[in-house]
């Protein structure tokens, strides 16, 4: 669970993706170009997740790291590719390598999500990305997101 400081939150993120606190894992858009987005999350050692995920040796969970990358790709898609009335979501995690632990310290450090579009089909986009924490690559991988009109998703759900 992450409770974001609302004063630090880039309001464009709320426009781009449906996630909200405590599951919003991006708080700033650092850079946005036609094939790349860099976003960030300020890591506060007082976040409740650190009290429950290895409390004697708090580590930011890998699943949340991956989700931050996925949310960043959703932000990228919204500002660069979105069509009206479409929804995106992760459909495939091809690889995710955790190379360095994200360990909070007494400072408010940032996780930087670097996400790049590498393949764009009609309903499927492939991304590669990495997380930089304290000047080291902590996570890197590739994944696919889908994009479908809301009407089609509603029909499929019936």
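Laboratory data are not the source of any read-out in this text; all were calculated from the coordinates shown. Here the structure is a predicted model, which means the values were calculated and not measured. Note: ideal-geometry Cβ built from the backbone for every residue, glycine included; neighbour counts use all protein chains shown.
Hey, what did region 75-158 get for relative contact order, percent, Cα under 8 Å, at least 6 apart? Mind showing how you got there, number by number?
On the way: 137 pairs, mean separation 30.9, N = 84.
Averaging sequence separation for qualifying contacts and normalising by length gives 37 percent for region 75-158.
Once fully extended, how much extra length lies between residue 151 and residue 107, figured as 0.36 nm per residue of separation less the alpha-carbon to alpha-carbon distance?
Working: separation 44, 0.36 × 44 = 15.84 nm, distance 4.57 nm.
Extending this stretch completely gives an extra 11.3 nm.
Give the average over all directions of the projected area of the C-alpha convex hull of region 15-111, one decimal, in nm². Numbers along the way, then the final one.
Details: hull surface 28.6 nm².
Result: 7.1 nm².
Rounded to the nearest 500, what is the 222 nm mean residue ellipticity of the chain from helices alone, with -39500 (n - 2.57) per DSSP H run of 4+ residues and division by all residues?
Mean residue ellipticity, 222 nm, calculated: -6500 deg cm²/dmol.
Can you tell me how much longer the chain between residue 158 and residue 53 gets when fully stretched, taken as 0.36 nm per residue apart minus their C-alpha distance, in nm with one decimal?
On the way: separation 105, 0.36 × 105 = 37.80 nm, distance 3.77 nm.
Full extension of this stretch gives 34.0 nm more.
For region 17-88 and region 93-158, write down the distance between their C-alpha centroids in whole Å.
That distance is 8 Å.
Based on the Cα gyration tensor of region 64-158, what are the three equivalent ellipsoid semi-axes, each the root of five times an eigenvalue, rounded to whole Å and given largest first? Present the calculation step by step, with values, prior to reporting the outcome.
Details: eigenvalues 168, 33, 28 Å².
Listed largest to smallest, the semi-axes of region 64-158 are 29, 13, 12 Å.
What percent do you get for the relative contact order of region 11-157 when only Cα pairs under 8 Å and 6+ apart count?
Rounded, it is 26 percent for region 11-157.
What is the calculated FRET efficiency for residue 33 to residue 124, with r their C-beta to C-beta distance and R₀ = 30 Å, to the nearest 0.05?
Efficiency, rounded to the nearest 0.05: 0.90.
Could you work out the relative contact order of region 40-111, using alpha carbon pairs under 8 angstrom and six or more residues apart, expressed as a whole percent?
On the way: 47 pairs, mean separation 45.1, N = 72.
Reported as a whole number, the value is 63 percent.
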